[in-house]
Amino acid sequence: MKDTVYFIVISLIMVVMAYFVAFGCEKLIEKKTHVKFSSEKTKVNKLVIMAMLSAVAVVLMYFDFPLVFLAPGFYKLDFSEVPVLIGSFLLGPCAGVIIEAVKVLLHMCLKGTTTAFVGDFANFILGCAYVVPAAVIYHLHKTKKMAVVSLIAGGVILIISGTLLNAFYLLPKYSQLYGMPVSAFIEMGSKINGSIHNLFSFVALAVAPFNLIKSAIDGVVTFVLYKYLSRHLKETV
């Protein structure tokens with residue numbers, strides 16, 4: 001119990017840190033582009049859009065599925081990052097962090113946690129690792145070309161951060177809190193890929209490719225839908 005509480009406190013601190021990193025990035029973007037992310041007139045509209053996108057993201061989290069040919073079944077792919085990306089492209093990095101946090105929090109309230117909160121925290125922090133850099137790059141130069149560059153850059157950061165966090169923090173912490181030895185994860189991975197024989201080969205050959213596929217699919221869907229949905233979201237509110 002003590003370890004779980006400690007993990008939750010550390011997670012909350014990192015949530016706050018993620019928001020302030022996004023906030024700092026927004027201020028730098030505003031200084032460089034001379035464009036404000038929000039004003040008193042748009043605050044209500046912004047909140048409405050964020051609420052709508054958070055609700056859509058929560059629903060999409062229920063339609064998750066494993067990539068059993070690549071990684072153990074507890075790694076599940078869903079499309080909930082698409083509304084978060086759309087929100088961050090439309091409203092800024094801070095909005096992306098907030099939508100991500102609300103998505104994870106609502107999902108925990110509705111469904112609970114099956115990973116001793118480790119999976120929920122991973123969903124948030126790795127989502128931010130993808131969304132925030134992508135949003136920052138996009139808002140510096142709002143063109144189709146930069147949208148592609150931003151999504152690729154966000155995907156690369158997701159893959160790197162996901163690999164390192166899983167190896168050095170998330171999987172060991174999940175092992176500690178859930179009472180499942182790390183060797184069990186490696187055994188699951190080796191049944192899928194015979195080249196997996198330790199923790200580092202597990203994250204390199206299972207986690208990294210999983211995040212590559214996730215970022216590629218989410219990026220393509222976001223690129224296809226963004227212009228259409230952003231226009232209608234603005235008209236709706």
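Summary of computed values
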{"read-out": "Rg(Cα)/(2.2 N^0.38 Å) for the chain, N = residue count", "value": "1.02"}
{"read-out": "Percent of Cα pairs exceeding the 20 Å cut-off, where the set is region 1-135", "value": "48"}
{"read-out": "Cα Rg, Dmax (largest Cα-Cα span) when computed across region 156-237, Å", "value": "17.6, 53"}
{"read-out": "Reciprocal mean inverse distance between Cα atoms of region 77-196 - Kirkwood radius, Å", "value": "15.6"}
{"read-out": "Sulfur and carbon atoms: percent of accessible area, the chain [1.4 Å]", "value": "72"}
{"read-out": "Set of region 143-177 residues, backbone N closer than 11 Å to the point 7 Å along the Cα-Cβ line of Met108", "value": "none"}
{"read-out": "Extreme residue, positive dipole direction of the chain, given options Leu90, Val203, Val68 (C-beta unit charges)", "value": "Leu90"}
{"read-out": "Theoretical FRET efficiency, 1/(1+(r/R0)^6), r = Cβ-Cβ of Phe69 and Thr143, R0 30 Å, to 0.05", "value": "0.25"}
{"read-out": "Charge dipole (debye, nearest 20) of the chain; +1 at Cβ of Lys and Arg, -1 at Cβ of Asp and Glu", "value": "760"}
{"read-out": "Gain on full stretching of the segment that runs from Met17 to Met180 - 0.36 nm per residue minus C-alpha separation", "value": "55.8 nm"}
{"read-out": "For the chain, built as a Gaussian network whose Cα springs stay under 10 Å, the top-fluctuating residue of Pro181, Pro93, Pro172", "value": "Pro181"}
{"read-out": "Between 0 and 90°, nearest 10: helix 144-165 axis offset from the chain longest Cα axis", "value": "30"}
{"read-out": "Gaussian network model of the chain, Cα within-10 Å springs - most flexible of Ser195, Ser161, Ser11", "value": "Ser195"}
{"read-out": "Accessible area per residue, Å², the chain with all protein chains present, probe 1.4 Å", "value": "51"}
{"read-out": "Charge dipole (the chain, unit charges on Cβ, about Cα centre) - positive-most of Thr163, Ser150, Leu177", "value": "Ser150"}
{"read-out": "Distance between region 132-161 and region 75-123 - C-alpha centres, whole angstrom", "value": "18"}
{"read-out": "Inter-label distance for Thr42 and Val59, nm, one decimal - labels placed 7 Å from Cα along Cα-to-Cβ", "value": "2.6"}
{"read-out": "Dipole of region 19-160, positive direction: furthest Cα of Tyr19, Phe37, Ile125, with charges on the beta-carbon", "value": "Phe37"}
{"read-out": "Built amide H within the under 5 Å cut-off of Leu77, gap 5+", "value": "Phe65, Leu67"}
{"read-out": "Globularity index of region 93-147, i.e. its alpha-carbon radius of gyration over 2.2 N^0.38 Å", "value": "1.36"}
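The values are calculated or read from the model by the stated rules, or taken from the named source; none is laboratory data. If you're wondering where the values come from, they're calculated on a predicted model, not measured in any experiment. All Cβ positions, glycine included, derive from the backbone under ideal geometry; neighbour counts span all protein chains shown. For the accessible areas, the whole protein counts, side chains as well, though only heavy atoms, and no ligand, DNA or RNA atoms are used. Shrake-Rupley method; radii C 1.70, N 1.55, O 1.52, S 1.80 Å.
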